[in-house]
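Student: Pasting a structure below so you can have a look.
The values are calculated or read from the model by the stated rules, or taken from the named source; none is laboratory data. Note that this is a predicted model, so its numbers are computed, not measured. Counting neighbours? That spans all protein chains shown, and the Cβs are built from the backbone with ideal geometry, glycine included. When the accessible area is computed, the model is the full protein with side chains, heavy atoms only, and any ligands, DNA or RNA have been set aside. Shrake-Rupley method; radii C 1.70, N 1.55, O 1.52, S 1.80 Å.
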Amino acid sequence: MVWNWFRFGCSDEDFLLMEFYRKNRREKQRWLTSAKNNRYLYKTVYDDDARLTFDNKEYFDKRFKHFMKHDVLVLRESKTDDILAFVNKYKEVIIKPANGACGVGIYKIKNDKEAIDKLIARLKKGENLIMEQLIVQHPEMARMNPTSVNTIRVITMVDRNGDTHIINTSAKFGGSENCISNTLSGGISCHINSETGIVDHPGYDKHGEDYVMHPVSKVIIPGFQIPNWSGVCDFAIQLSKEVPTGRYIGWDIVITENGYDVLEGNIHPGQDFQRSDKTGRWNLIKRFI
């Protein structure tokens, strides 16, 4: 494991999740590892504007508001009456830390006095939070897990000529009866064939455990057809043009009955997505840097 870190920039997590203990040297060179991602990509494919936009949900929501179908309220800029009106309008809303990541700190609140009082107390302590309207996802996406907003992660890379390329497409489903689909917060990720929109591998969790069947809904994962697939990648390419200096982004897209919504764009997406189809992407990414 130590030798793989010095030779390939492979962290202990990479070593286990990407099964480096099964690979020869030539195979290992094809994989995007922690060091390549953190030391090289992050310094190469973003400028300060991109880092500011994608590192904070407050800036992201303002920049990409015209792509969003759901309503958003930045709480530090809002009065108590605005917060009460927002919750009263939508009855149940999502609370997110403005600079959070990996699904940490996300929860739902309903229109009740105790929950709102606790939220306002957090704001008075200086926490920077975002309030969002709950998104109604496509019924077929909800069939896999109705308690979470299940998302499509499309990773795009903008080359030096400004053309966008799809690096990977995957689905993220909540793995239990909570509202979060992020893999690092207990969700299940699975690879999608970018041409057909069909899940073509079992799902996996943060521990590397495979799932042929969803543990809650019992829906079979391989062979699952993502609904309304035809426009998902086109939507991601549209998003990538908004801040082209954010060249390498993982977009979290929600499929609705009538179209597409964007939750966030993830700067510096992790390298674990290669686990979804057990295929290294480093050579593909290098072509576009």
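Student: Within the stretch 182-193, identify whether any single residue is at pLDDT 95 or above, over 30 Å from Ala98 (Cβ atoms), open to solvent by 20 Å² or more (accessible area, probe 1.4 Å) and among the polar types (S, T, N, Q), and answer yes or no.
Tutor: Looking through the stretch 182-193, at least one residue is at pLDDT 95 or above, over 30 Å from Ala98 (Cβ atoms), open to solvent by 20 Å² or more (accessible area, probe 1.4 Å) and among the polar types (S, T, N, Q).
Student: Considering the stretch 194-209 alone, what residues qualify as being charged (D, E, K, R) and either open to solvent by 40 Å² or more (accessible area, probe 1.4 Å) or farther than 20 Å from Gly250 by Cα (or both)?
Tutor: Of the residues in the stretch 194-209, the ones charged (D, E, K, R) are 195, 200, 205-206, 209.
Once the filter is applied, which keeps residues that are charged (D, E, K, R) and either open to solvent by 40 Å² or more (accessible area, probe 1.4 Å) or farther than 20 Å from Gly250 by Cα (or both), the stretch 194-209 yields Glu195, Asp200, Lys206, Glu209.
Student: Please find, within the stretch 210-251, the residue that is modelled with the lowest pLDDT out of those that are in a helix (DSSP H, G or I), open to solvent by 10 Å² or more (accessible area, probe 1.4 Å) and closer than 13 Å to Ile152 by Cβ.
Tutor: It comes out as Ser230.
Student: Consider Lys218 against the criteria (1) of a type outside the set (Asp, Glu); (2) closer than 27 Å to Lys96 by Cα; (3) free of Cβ contacts under 8 Å to residues at least 12 places away in the same chain: it satisfies all of them except one. Which criterion is unmet?
Tutor: Going through (1) of a type outside the set (Asp, Glu); (2) closer than 27 Å to Lys96 by Cα; (3) free of Cβ contacts under 8 Å to residues at least 12 places away in the same chain one by one, Lys218 breaks only (2).
Student: For the stretch 145-171, what are the residues that are outside any strand (DSSP E or B) and either among the polar types (S, T, N, Q) or under 17 Å from the mean Cα position of the chain (by Cα) (or both)?
Tutor: Taking the stretch 145-171 as the starting set, the residues that turn out to be outside any strand (DSSP E or B) are 145-150, 159-163.
Selection gives Asn145, Thr147, Ser148, Val149, Asn150, Asn161.
Student: Inside the stretch 1-22, can you point out the residues that are open to solvent by 10 Å² or more (accessible area, probe 1.4 Å), in a loop (DSSP other than H, G, I, E, B) and under 15 Å from Asp277 (Cα atoms)?
Tutor: Once the filter is applied, which keeps residues that are open to solvent by 10 Å² or more (accessible area, probe 1.4 Å), in a loop (DSSP other than H, G, I, E, B) and under 15 Å from Asp277 (Cα atoms), the stretch 1-22 yields only Glu19.
Student: Every residue in the stretch 142-155 that is within 18 Å of Glu264 (Cα to Cα) and of a type in the set (A, V, I, L, M, F, W, C), please.
Tutor: Val149, Ile152, Val154, Ile155
Student: If I filter the stretch 123-173 down to residues being of a type in the set (A, V, I, L, M, F, W, C) and out of contact with any helix residue (DSSP H, G or I) (no Cβ under 9 Å at 6 or more places or on another chain), which single residue comes out as nearest to Pro202 (Cα to Cα)? Lay out the reasoning, then the answer.
Tutor: So the first thing to find is which residues in the stretch 123-173 are of a type in the set (A, V, I, L, M, F, W, C), and the list is 123, 129-131, 134-136, 141-142, 144, 149, 152, 154-155, 157-158, 166-167, 171, 173.
Now restrict to residues that are out of contact with any helix residue (DSSP H, G or I) (no Cβ under 9 Å at 6 or more places or on another chain): 135, 141-142, 144.
On the way: Ile135: 26, Met141: 16, Ala142: 18, Met144: 13 Å.
The extreme case among them is Met144.
Student: What do you reckon, is Lys36 in contact with a strand residue (DSSP E or B) (Cβ under 8 Å, 6 or more places away or on another chain) and among the basic types (Lys, Arg)?
Tutor: Details: in contact with a strand residue (DSSP E or B) (Cβ under 8 Å, 6 or more places away or on another chain): no; among the basic types (Lys, Arg): yes.
Taking the combined requirement at face value, the residue does not satisfy it.
Student: Let me ask you something else. Before we move on, is Val254 β-branched (Val, Ile, Thr) and open to solvent by 10 Å² or more (accessible area, probe 1.4 Å)?
Tutor: No, not satisfied.
Student: Name the residues in the stretch 36-57 that are more than 19 Å from the chain's Cα centre (by Cα) and surrounded by fewer than 17 Cβ atoms within 10 Å (Cβ to Cβ), would you? Explain how you work it out, then say what you get.
Tutor: Step one: filter the stretch 36-57 for residues more than 19 Å from the chain's Cα centre (by Cα), giving 36, 39-40, 43-44, 47-49.
Residues satisfying the conditions are Arg39, Tyr40, Lys43, Thr44, Asp47, Asp48, Asp49.
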